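Worksheet: one structure, shown below.
The values are calculated or read from the model by the stated rules, or taken from the named source; none is laboratory data. For clarity, every value in this text was computed on a predicted model and none was experimentally measured. When we count neighbours, we look across all protein chains shown, and the Cβ atoms used for this are built from the backbone with ideal geometry, even at glycine. Keep in mind that these areas ignore ligands, DNA and RNA; they rest on the heavy atoms of the full protein, side chains included. Shrake-Rupley method; radii C 1.70, N 1.55, O 1.52, S 1.80 Å.
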Amino acid sequence: MKIPKQLKILCYDYKVLLRDRSNEDGISNTGTHYEYALKIWIDKEAPRQQQEQTLIHEIVEALNSINNLKFEHQQIEILAVGFYQVLRDNKLI
């Protein structure tokens, strides 16, 4: 999967940034969704598969936020990992 520089999520145009992880991002954070800035960042040092799964995770985070779904973080992670697995197993990415 190619990590895009821009991504349309519902009615919003998000910028997707590959960048170095900083101390404030946390040890296990490989990405973050910034709702009000319309940005998603992904750790550029993470392995490719982790970058891809992180992008899907942050898309689900954006959908959760935009639609006020109120999913817990664990639910978002389960959905993201599931979507990623389906895409990979069926050679869609």
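Tabulated data for the structure shown
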quantity	calculated
Scan of region 12-36 for residues that are modelled with pLDDT of 95 or more and surrounded by fewer than 10 Cβ atoms within 10 Å (Cβ to Cβ), ordered by number	D13
Matching residues in region 38-56 - criterion: being open to solvent by 70 Å² or more (accessible area, probe 1.4 Å) and within 11 Å of the chain's Cα centre (by Cα)	K39, Q50
Contacts under 8 angstrom Cβ, first residue in region 57-83 being under 15 Å from L7 (Cβ atoms) and open to solvent by 50 Å² or more (accessible area, probe 1.4 Å), partner of a type in the set (V, I, T) and in a helix (DSSP H, G or I), 6 or more apart	F83/I56; F83/V60
Meets criteria (touching a residue at least 12 places away in the same chain (Cβ under 8 Å) and of a type in the set (D, E, K, R)) for K44	yes
